[in-house]
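Q: Quick one: structure below, then a few questions.
The values are calculated or read from the model by the stated rules, or taken from the named source; none is laboratory data. All of these numbers come straight from a predicted model, not from anything done at the bench. For neighbour counting, all protein chains shown are included, and Cβ atoms are generated from backbone atoms with ideal geometry for every residue, glycine included. The area values use the complete protein model at the heavy-atom level, side chains included, leaving out ligands, DNA and RNA. Shrake-Rupley method; radii C 1.70, N 1.55, O 1.52, S 1.80 Å.
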Amino acid sequence: QTSSATSGYQSVVLGDGPSGYYKLDEPNGTVMFDSSGNVRNGTYTNAPTLGTPPLIGAQTAGNVGTSVTFNAALNQNGLCGAGTWPAVEPPNLSVEAWIKTTMNPGVAGFIVNSDNGGGDKYFSLSLRPGGLIRCDFYDNIGTQYTKVSGGAFNDGLPHHLVSTFDAANNIILYI
């Protein structure tokens, strides 16, 4: 059972036809399930804490979702299998994540990280030193495009991140 707010959000996400949709709501195990219908399941590595309270709102009878807590110092993460992603083709590329962190501002860590199995057409969202959010896109000839936030986001509050990349090689980072 999910809350109507969660169901509404999921409907919007799925309506966009995502390549992958990871709710990170598994109560245990090592499989990070893809809810997009594309069966691009991933793997949790180095035992992050699964089944923690939801990022937004209290866990109640109407909101039974959970989240995952990752510890960058222990290199905990959720990885998608290499080669399972379609090529990154602008202009229809967006990367989205919800985060809540107090991560040490001197440590960089990936929030979303993917390559196409061969290292080309790669994208990532990461938390960088100073609590900055950084987005990188690499095209099929190895050119890197980068956008970095103007402020810190390691304040322990929930943040919704969306980064888009278009055919003119522009990155827009929404926080």
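Q: Please state which of the following conditions G8 fails to meet, knowing it meets all the rest: (1) among the small types (G, A, S); (2) open to solvent by 50 Å² or more (accessible area, probe 1.4 Å); (3) at pLDDT below 80.
A: The number of the failed condition is (2).
Q: Moving on. If you check T43 against the conditions, is it open to solvent by 50 Å² or more (accessible area, probe 1.4 Å), under 15 Å from the mean Cα position of the chain (by Cα) and within 22 Å of S114 (Cα to Cα)?
A: yes
Table: residues versus (1) surrounded by 13 or more Cβ atoms within 10 Å (Cβ to Cβ); (2) at pLDDT below 65; (3) in contact with a helix residue (DSSP H, G or I) (Cβ under 9 Å, 6 or more places away or on another chain).
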residue	(1), (2), (3)
P54	yes, no, yes
A58	no, yes, no
F70	yes, no, no
A73	no, no, no
C80	yes, yes, no
G83	no, yes, no
A87	no, yes, no
W98	yes, no, no
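Q: Follow-up. Of the residues that make up the stretch 21-28, is at least one at pLDDT 85 or above and open to solvent by less than 40 Å² (accessible area, probe 1.4 Å)?
A: For the stretch 21-28, residues at pLDDT 85 or above and open to solvent by less than 40 Å² (accessible area, probe 1.4 Å): present.
Q: Next question, about the same structure. Scan the stretch 132-147 residue by residue and report those that are over 15 Å from N169 (Cα atoms) and not basic (K, R).
A: Answer for the stretch 132-147, where residues must be over 15 Å from N169 (Cα atoms) and not basic (K, R): L132, I133.
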